[in-house]
1. How much of the DSSP beta bridge set in segment 24-131 is antiparallel, as a percent to the nearest 5?
2. Please compute the modelled spin-label separation between N24 and R149, points set 7 Å along Cα→Cβ, answer in nm with one decimal.
3. Simple spin-label model, 7 Å along Cα-to-Cβ: Q214 to D243 in nm?
4. Could you rank the peptides 242-251, 71-80, 113-122 by their average count of other C-beta atoms within 10 Å per residue, with the highest value first?
5. Compute the projected area of the convex hull of the Cα atoms of segment 50-144, averaged over all viewing directions, and report it in nm² to one decimal place.
6. Report the antiparallel proportion of the DSSP beta bridges in the chain as a percent, rounded to a multiple of 5.
7. Is there a pair in K220/K247; K220/K266; K113/K220; K129/K287; K210/K287 whose C-alpha atoms are over 19 Å apart, and which pairs would that be?
8. Filter the chain for me: DSSP H helices, axial length by Cα at least 27 angstrom, mean Kyte-Doolittle hydropathy not below -1.0. List them by residue number.
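The values are calculated or read from the model by the stated rules, or taken from the named source; none is laboratory data. Owing to the predicted nature of the structure, the values given are computational and were not obtained by experimental measurement. Cβ atoms come from the backbone with ideal geometry, glycine included; neighbour counts cover every protein chain shown. Surface areas here come from the heavy atoms of the whole protein model, side chains and all, with no ligands, DNA or RNA. Shrake-Rupley method; radii C 1.70, N 1.55, O 1.52, S 1.80 Å.
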Amino acid sequence: MRKVVLIVLFLLAASIARLIAQSNPAWTRPFPPFHIAGNLYYVGSEDLASYMIATPQGLILINSSLESSVPLIRKSVEGLGFHFSDIRILLISHAHDDHCAGSAAIIKLTGAKYEVMDGDVSVVQSGGKTDFHYGGDPHHRYPPAHVDRILHDGSIVRLGGFALTAHLTPGHTRGTTTWTMDETESGRVLHVVIVGSPNVNPGYKLVGNKTYPQIAADYKRGFAILDKLPCDIFLGAHGGYFDLTGKYPRWKAGDRNAFIDPAGYKAYIADREHAFQTELARQSAAK
Ligand SMILES: [Zn+2]
């Protein structure tokens, strides 16, 4: 009887978590596109972050987000005076539908090359079916997209004389990628970090995970990398990571340093690491 109650509670919790995720209005709420620094621009929604890098040989886009995000991203790119069809390279933060479901559509519209971290390649190419956690859940499926270049930890993506680095920060997915680049603004070089996701999602098994046995070790590896990255401009896969809605009004009021936040980066990573360690200890004790 107790087992049945537990199973029912678990299923209830899982469907509530899904409902919350799907009905998060900030994911699809339009947000004004704006210049961050150097050749880097924000082109995402209020909470699903997308970034555009403008080079003399075309555009790099990070995060295609949901299928329904594609027209919003397009509007943002065009609103900044660029051509959506100039997107040459498409990158993602990690292979979850809220960051990569729109990839197939963007590739079709632009002919962009899709460059994805090795651990996430099969997931995006199967439209989410091989995800270690959500693979069996049709709500998290999306159109599959072919990967043109497989990235590894430290891979460099280059276009038009510009380079950005892919750091493997796994755990959240096998191929979760944190992007770094240097941008020059008013003669000052600024280290940019776009955090891939250090979060332990509801229902993630950190102990005895049959579909991702090394998950806890991977999170630790990811935090070891995130702890060391030099960061001036703190960004991430979701606006909520770096307080987009809190910082943007300052930027709009003329504060061009609004997104320079090394202390905020350190505090965010420390907080997420603490959350991971707490959940790992809880699951280890329950074993
Ligand atoms: Zn995710």
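1. Approximately 65 percent, going by the DSSP bridge assignments.
2. With each label point 7 Å from Cα toward Cβ, the separation is 2.9 nm.
3. 3.7 nm
4. Highest to lowest by the protection proxy: 113-122, 71-80, 242-251.
5. Convex hull of Cα atoms, orientation-averaged projection: 5.5 nm².
6. Counting DSSP beta bridges with both partners in the chain, the antiparallel share is about 70 percent.
7. K220/K247; K113/K220; K129/K287
8. 2-22, 262-286
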